[in-house]
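Reviewing the structure listed below.
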Amino acid sequence: MPDTNPLLQHWQLPPWSAIRAEHLLPAVERIVADNLLIIENVIATQVDHPNWDDVVIAIDEADARLDETMAIIEFLSISHADEPQWLMQEALSTHAAQRYKTAKAGNRQLLQVYQRLAQSSIAASFSDARKASLAKILRRFHLAGSELSSAQRKDLTRLNGEIDLLEKRFMSNLKSVNAAWSKDIDDAALLAGLPAEMQAHLAANANKAGLPGWRLTLDQNTCQQVMRRAQHRGLREEYFKAWCTRGSDQGPQAGRFDNGPVLQTLLAARHAKARLLGFDNFAHLRLHNRMATGTDQVGRFLRQQIARNAVSLAGETDDLQALAREHGVEQLEAWDHDFLAEQLRLKQSGGAEQDLREFFALQATLHSLCRFSEHMFGISISENTVHERFAENVRLFEISERQQPVGYIYIDPFHRDAGNDYAWTGVLRNRRITAEGRPLLPIASLQCNYPAAENGQTHLLDPQDLRVLLHEFGHCLHHVLTRSPHYNLSGISHLSRDAAEFVGQLFEKWALSGQFLRWLGTHHQSGERLSEAQANTAFSATGIQRSRETAMLLLNALVDFELHRCHGDGRTVQQVVEDVQSEFAHLSIPAYCRFANSCDYLVTGYEASLYAYKWSGVLASEAFKRFEREGLFNEQTGRDMREHLLSGDRQALPAALQAFLGKPIDNALFPAPAA
């Protein structure tokens with residue numbers, strides 16, 4: 001009798017509505033059992049004369065089946081977060097999957113099969129892509145400790161378990177501390193300056209709690225609006241203190257859900273893991289197979305960027321101080337910076353930057369972004385309204401070439417309470433070619449995290465929202481436009497952080513172009529096109545007071561890297577943070593701030609890698625210069641971008657970028673590695 005569990009059926013797109021809590025664990029256990037039999041068969045039959053299909057493709061298909069099932073469970077878990085039965089089954093399924101992956105990574109007999117394949121005569125004739133895929137598999141075995149002694153492997157398994165639990169506890173504490181704080185307001189005067197749609201959102205928060213008035217909560221969207229737009233200085237200070245002390249021993253929730261001890265223990269476990277695997281520290285481990293050649297080079301790169309930003313930061317801080325005095329504020333404080341910077345932009349642009357939002361309704365902007373991508377990359381993008389989606393408001397787009405689908409993108413525009421409090425791109429399936437030669441198409445999901453529009457209002461995008469949309473859309477296209485047939489090379493989730501962030505950063509460059517904004521912008525009510533004068537004025541405004549944003553990115557990147565590079569040197573987490581902050585003379589961060597305690601990047605795959613945003617951003621700026629020379633809408637340049645930078649496994653990023661630019665990357669962009 002065939003198994004009717006929807007997670008065990010072959011699917012083109014996930015059967016979202018058919019999946020129930022009782023399907024999760026049985027499906028994962030069945031897949032794990034099947035995978036163990038596949039591994040057993042590979043070991044039994046491929047020792048003497050291993051071949052690509054019966055080793056690499058067989059194991060890749062087994063891995064992909066489990067990964068895709070776990071991805072479906074992860075996405076659905078956001079919608080089922082209030083169902084105890086679902087959460088229990090999800091936890092058991094995750095544990096079963098992780099236990100299998102740990103056992104597989106330590107399987108020395110399987111490693112020997114791969115090694116024999118790599119050393120065989122047929123491997124000499126493999127394509128560069130096959131060689132890269134096989135090398136990546138062997139590298140993962142090495143990083144999983146397969147060559148360690150039995151006692152060392154037990155230690156590594158213990159450390160990996162500790163790290164996983166500590167990362168989960170960090171995020172759990174962060175979500176708990178966010179949920180535990182709120183501020184109820186009954187005086188509309190306190191909300192002066194906040195846009196009408198944000199006030200409607202805050203009113204909806206209060207209404208959900210059964211209260212009149214408005215309710216502020218701790219989330220990124222509310223934080224950005226309050227710090228940039230709220231005219232009431234006392235409100236900004238109160239919110240700032242609640243925000244920057246989350247999960248710490250400071251602020252209004254001091255000692256509640258404290259991530260300080262969690263982070264200290266987590267850093268120690270990561271350091272111990274790195275040492276066990278033969279690396280100097282965890283930052284050194286994370287640079288394995290990255291563009292940077294060592295921890296010293298990353299440190300010099302970040303400090304080079306800090307120095308380059310310092311002059312503009314000093315000048316812009318002086319400008320803010322002068323504006324503060326005009327507002328009757330003698331001492332410029334951290335909760336004044338974003339607000340006064342916004343006031344300065346409004347003053348110098350006559351409000352053009354705020355007016356810009358009226359020209360970028362989410363739906364119309366998304367439509368135009370699809371048309372732009374079609375023109376540049378030779379594809380077709382159409383909305384698929386036949387297949388179901390995983391939640392309300394989610395949209396599904398099919399990407400085609402020559403009338404044949406090549407991939408799918410789900411777009412989930414609005415924040416959901418149980419979801420992540422940031423925009424991100426999720427992966428549901430990597431492209432691969434099966435042993436039968438059948439392509440399985442990639443699927444990505446764009447999670448925008450915009451506040452939901454209340455009462456049917458049109459959701460309008462400000463310049464920052466637009467950058468987020470283009471960044472994540474770039475990630476999605478990077479994922480679905482790959483031509484690689486190899487499972488471990490075709491998906492953005494299998495790229496190093498410096499390579500994975502590159503295309504998102506490149507797409508952001510269009511959002512920072514006045515010419516592109518003129519083409520993209522259409523008034524959401526009148527249909528009027530954004531004029532050249534409006535675009536130029538607004539575009540100029542978006543460039544005002546940006547040095548602090550850059551400084552905060554560099555601060556967080558250096559804190560992240562130093563915490564993982566210097567662990568064990570006798571300093572506490574906070575001492576490392578304070579030492580890094582001392583390198584930024586004009587940020588004026590209050591002593592009570594505990595940014596590291598709520599930095600989700602430290603536990604969501606970016607640990608010791610946050611520098612990659614700036615690193616890839618520098619490379620993206622170089623790539624965009626070709627578009628500036630040849631035209632932002634030059635389709636031949638777009639085709640070359642797709643061929644060299646989006647296609648997948650042809651080359652590593654430095655070589656691919658050199659091919660796209662037609663010249664070597666300027667060595668002056670990055671400090672030379674230590675001699």
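The values are calculated or read from the model by the stated rules, or taken from the named source; none is laboratory data. A quick note: this is a predicted structure, and the numbers were derived from the prediction, not measured. Every residue, glycine among them, receives a Cβ derived from its backbone with ideal geometry; neighbour counts consider all protein chains shown.
Considering LEU191, LEU211, the condition of being out of contact with any Gly (no Cβ under 9 Å at 6 or more places or on another chain), crowded, with 16+ Cβ neighbours inside 10 Å and hydrophobic (A, V, I, L, M, F, W, C) is satisfied by LEU191 alone.
Residues satisfying the criterion are present in segment 233-241 (criterion: surrounded by fewer than 21 Cβ atoms within 10 Å (Cβ to Cβ), touching a residue at least 40 places away in the same chain (Cβ under 8 Å), within 23 Å of HIS586 (Cβ to Cβ) and acidic (Asp, Glu)).
Results for (1) of a type in the set (Gly, Ala, Ser); (2) surrounded by fewer than 14 Cβ atoms within 10 Å (Cβ to Cβ); (3) modelled with pLDDT of 95 or more, shown as yes or no for each residue.
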{"position": "ASP319", "(1), (2), (3)": "no, no, no"}
{"position": "LEU323", "(1), (2), (3)": "no, no, no"}
{"position": "GLU330", "(1), (2), (3)": "no, yes, no"}
{"position": "TRP335", "(1), (2), (3)": "no, no, yes"}
{"position": "SER349", "(1), (2), (3)": "yes, no, no"}
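Among all positions in segment 584-594, there is at least one residue which is buried (at least 20 other Cβ atoms within 10 Å of the Cβ), closer than 27 Å to GLU342 by Cβ and hydrophobic (A, V, I, L, M, F, W, C).
Inside segment 479-496, residues that are modelled with pLDDT of 90 or more and under 24 Å from ALA557 (Cα atoms) make up a count of 1. Within segment 421-439, the set of residues being more than 15 Å from the chain's Cα centre (by Cα) and surrounded by fewer than 19 Cβ atoms within 10 Å (Cβ to Cβ) comprises ILE433, THR434, ALA435, GLU436, GLY437, ARG438, PRO439. Of all the residues in segment 440-457, those that are among the small types (Gly, Ala, Ser) and within 18 Å of the chain's Cα centre (by Cα) number 2. Annotation note: Cβ proximity below 7 Å between a residue of segment 550-573 that is under 20 Å from VAL618 (Cβ atoms) and a residue that is among the polar types (S, T, N, Q) and at pLDDT below 95 (sequence gap 6+ or interchain) occurs for no pair. Could you tell me which numbered condition ASN536 fails, if it satisfies all but one of (1) free of Cβ contacts under 8 Å to residues at least 24 places away in the same chain; (2) touching a Leu at 6+ places or on another chain (Cβ under 6 Å)? Only one criterion is unmet by ASN536, namely (2). Scanning segment 16-33 for residues being under 23 Å from LEU440 (Cα atoms) and surrounded by fewer than 15 Cβ atoms within 10 Å (Cβ to Cβ) gives a total of 3.
Of the residues making up segment 443-469, those that are in a helix (DSSP H, G or I) and surrounded by 24 or more Cβ atoms within 10 Å (Cβ to Cβ) are LEU466, LEU469. Scanning for something outside any helix (DSSP H, G or I), in contact (Cβ under 8 Å) with a residue 12 or more places away in the chain and of a type in the set (A, V, I, L, M), does segment 80-103 turn up at least one residue? Yes.
Contact annotation: no residue pair with Cβ atoms under 6 Å, 6 or more positions apart or on different chains, pairs a residue in segment 597-626 that is without any contact (Cβ under 8 Å) to a residue 24 or more places away in the chain and under 20 Å from LEU287 (Cβ atoms) with a partner that is assigned to a helix (DSSP H, G or I) and of a type outside the set (Phe, Trp, Tyr).
Take ALA206 and decide whether it is touching a Pro at 6+ places or on another chain (Cβ under 9 Å), within 26 Å of GLN331 (Cα to Cα) and outside any loop (DSSP other than H, G, I, E, B). Considered against the rule, which asks whether it is touching a Pro at 6+ places or on another chain (Cβ under 9 Å), within 26 Å of GLN331 (Cα to Cα) and outside any loop (DSSP other than H, G, I, E, B), ALA206 comes out as no.
Of all residue pairs spaced 6 or more apart or on separate chains, those with beta-carbon atoms under 8 Å, a first member in segment 14-35 that is among the aromatic types (Phe, Trp, Tyr) and a second member that is outside any helix (DSSP H, G or I) and crowded, with 18+ Cβ neighbours inside 10 Å are TRP16/ARG389; TRP16/PHE390.
Conditions (1) under 29 Å from LEU646 (Cα atoms); (2) modelled with pLDDT of 90 or more, marked per residue:
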{"site": "GLU508", "(1), (2)": "yes, yes"}
{"site": "LEU512", "(1), (2)": "yes, no"}
{"site": "PHE516", "(1), (2)": "yes, yes"}
{"site": "ALA533", "(1), (2)": "no, no"}
{"site": "ALA538", "(1), (2)": "no, no"}
{"site": "THR542", "(1), (2)": "yes, no"}
{"site": "ALA551", "(1), (2)": "no, yes"}
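Filtering segment 165-204 to residues that are of a type outside the set (A, V, I, L, M) and over 22 Å from ARG246 (Cβ atoms) leaves ASP186, ASP187, GLY193, PRO195, GLU197, GLN199.
Of the listed requirements (1) surrounded by fewer than 17 Cβ atoms within 10 Å (Cβ to Cβ); (2) more than 28 Å from the chain's Cα centre (by Cα); (3) at pLDDT below 95, LEU148 misses just one: (1). Quick check: is even one residue across segment 114-123 in contact (Cβ under 8 Å) with a residue 40 or more places away in the chain, of a type in the set (Phe, Trp, Tyr) and not in a helix (DSSP H, G or I)? Scanning segment 114-123, I find no residue that is in contact (Cβ under 8 Å) with a residue 40 or more places away in the chain, of a type in the set (Phe, Trp, Tyr) and not in a helix (DSSP H, G or I), so the answer is no.
Taking the criterion of being part of a helix (DSSP H, G or I), in contact with a Phe, Trp or Tyr (Cβ under 6 Å, 6 or more places away or on another chain) and farther than 20 Å from ASP600 by Cα, would at least one residue in segment 258-270 satisfy it?
Residues of segment 258-270 part of a helix (DSSP H, G or I): 260-270.
Those left that are additionally in contact with a Phe, Trp or Tyr (Cβ under 6 Å, 6 or more places away or on another chain): 262, 270.
Now restrict to residues that are farther than 20 Å from ASP600 by Cα: none.
No: segment 258-270 contains no residue that is part of a helix (DSSP H, G or I), in contact with a Phe, Trp or Tyr (Cβ under 6 Å, 6 or more places away or on another chain) and farther than 20 Å from ASP600 by Cα.
Output the residues belonging to segment 408-425 that are modelled with pLDDT of 90 or more and of a type in the set (Asp, Glu). Across segment 408-425, the qualifying residue is only ASP412. Of all residues being hydrophobic (A, V, I, L, M, F, W, C) and modelled with pLDDT of 95 or more in segment 92-110, which is surrounded by the most Cβ atoms within 10 Å (Cβ to Cβ)? Just the residue, please. Among them, the one singled out is LEU110. Among residues of segment 437-465 that are farther than 26 Å from ILE399 by Cβ and hydrophobic (A, V, I, L, M, F, W, C), those with a beta-carbon under 6 Å from a residue that is in a loop (DSSP other than H, G, I, E, B) and modelled with pLDDT of 85 or more at least six positions away or on a different chain give the pairs ALA453/HIS459. Would you point out the residue of segment 492-527, among those that are part of a loop (DSSP other than H, G, I, E, B) and touching a residue at least 40 places away in the same chain (Cβ under 8 Å), that is surrounded by the most Cβ atoms within 10 Å (Cβ to Cβ)? Checked segment 492-527; the qualifying residue surrounded by the most Cβ atoms within 10 Å (Cβ to Cβ) is GLY521.
Which residue is surrounded by the most Cβ atoms within 10 Å (Cβ to Cβ), if the candidates are limited to segment 223-232 and must be hydrophobic (A, V, I, L, M, F, W, C) and assigned to a helix (DSSP H, G or I)?
It comes out as VAL226.
If we keep just the residues of segment 612-661 that are modelled with pLDDT under 95 and in a loop (DSSP other than H, G, I, E, B), which is farthest from SER484 (Cα to Cα)? Once the filter is applied, the top-ranked residue is ALA652. Can you find even one residue in segment 285-296 that is modelled with pLDDT of 95 or more and surrounded by fewer than 16 Cβ atoms within 10 Å (Cβ to Cβ)? Looking through segment 285-296, at least one residue is modelled with pLDDT of 95 or more and surrounded by fewer than 16 Cβ atoms within 10 Å (Cβ to Cβ).
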